[in-house]
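A short write-up of the structure that comes next.
Derivation of every value follows stated rules applied to the coordinates shown; laboratory data play no part. None of the values given here were measured: they were computed from a predicted structure. When we count neighbours, we look across all protein chains shown, and the Cβ atoms used for this are built from the backbone with ideal geometry, even at glycine.
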Amino acid sequence: MASSLRDLRRKMKAIKSTKQVTKAMELVAASKMRRAVQNAVLLRKYALTAWAILQKIALSHRGRHLWLTERPVKRILAILITSDRGLCGSLNTQLFRSVGHYVAACKDMQGFETIDFIAVGRKGQQYLQRSGQTVTGAFPALSNHPSFRDVLPIARMAIDAFKEGTYDHVVLLSTDFLSALVQEPATKLLLPFSETAFQEMIRELLPRKRISKEEEEAIKSVTRLSSDYLFEPTEPEVLNRILPQLTEMQIYQAVLESAASEHSARMVAMRNATDNASDILSDLNLTYNQTRQANITAELAELSGAAAALN
């Protein structure tokens, strides 16, 4: 009985220590999440306006620039954005499941040849290596609050490969932040720009649960664009400058969404772990008290029996 009580005390002490750690991690993740969500939401407004302008250019200049010309899909470059660390629930698992479905769908396409990956985040790199995929670039250890400068090497690698004709399509595979409790895997066509992809990407920028009237009107105004732009100094020079910048912005937006999703998922996971630790402690405390009371009752019974035998 004494050893049983000792084991229970040891378990309770270990669980209390774990609970303190998970509570601290929950508070840290909540603090990081607030700033990450703020950055992602602020960029959505800029991205919506920028893509509205870009769609207007694409509709009136279709096929007149490399970024605006459709190609047969043979070789695909996918940018997979995941977290560097774990302890964030099923966030990465859901994304990996979505990646597996996407790869299977690509292999079923007519004329498809290969799909290569750029891994942003250690978890994604490890998953791709385990699944036997080709990784052409790896960018681990992005900061908790990535800046635009952090994504420039990723964007340059993808843009250069597309311009050289190494790949026909460039795709973003990441996680969209919807709320602190909901994060969804997202697959977005990055290059080339197309009319159907514009509408999908613009809607992906907005929270699917709550869309304000201003944002709805902005989406509707995109579909009503019909007039043309006047380019100064020349059309090729303007397009060569603005289109790569908007491509870099899309990647930055995906990185911010993934960062917000990671911190919110880790906050929820650590909160659940803390609650589970409290429940286990409550059960162990009850078991400990019952065991101790049983020991006391047994000792009293032995003393009463001994006294009765002596008398």
Computed FRET efficiency, Cβ-Cβ of Arg156 and Leu27, R0 22 Å: what is it to the nearest 0.05?
0.05
Give the order of Cys106, Cys88 when sorted by the count of other beta carbons within 10 angstrom, beginning with the fewest.
Cys106, Cys88
Sorted from fewest to most neighbouring beta carbons within 10 Å, what does the list Val170, Val120 look like?
Val170, Val120
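Give me Thr247, Thr175, Thr297 ranked fewest to most by other Cβ atoms within 10 Å of their Cβ, as a rough exposure proxy.
Thr297, Thr247, Thr175
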Could you check the spin-label model distance between Asn311 and Thr136? Points 7 Å from the Cα along Cα→Cβ, value in nm.
9.3 nm
So if each residue of separation counts as 0.36 nm, and I subtract the Cα-Cα distance between Asp279 and Val103, what length gain in nm does that give?
59.2 nm
Label-point separation (nm) for Arg71 and Glu113, each offset 7 Å from Cα along Cα-to-Cβ?
1.0 nm
At R0 = 45 Å, FRET efficiency that the Cβ-Cβ distance of Ser147 and Leu303 yields, to 0.05:
0.05
I want to check the label-to-label distance for Arg35 and Phe231. Put each point 7 Å from Cα in the C-beta direction and report it in nm to one decimal.
4.1 nm
Assuming R0 = 35 Å, can you tell me the calculated FRET efficiency for the pair Met12 and Leu181, based on Cβ-Cβ distance, to the nearest 0.05?
0.70
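Any chance you could run the full-extension gain for Gln129 through Ser4? It's 0.36 nm times the residue separation minus the Cα-Cα distance, nm to one decimal.
Result: 40.4 nm gained on full extension.
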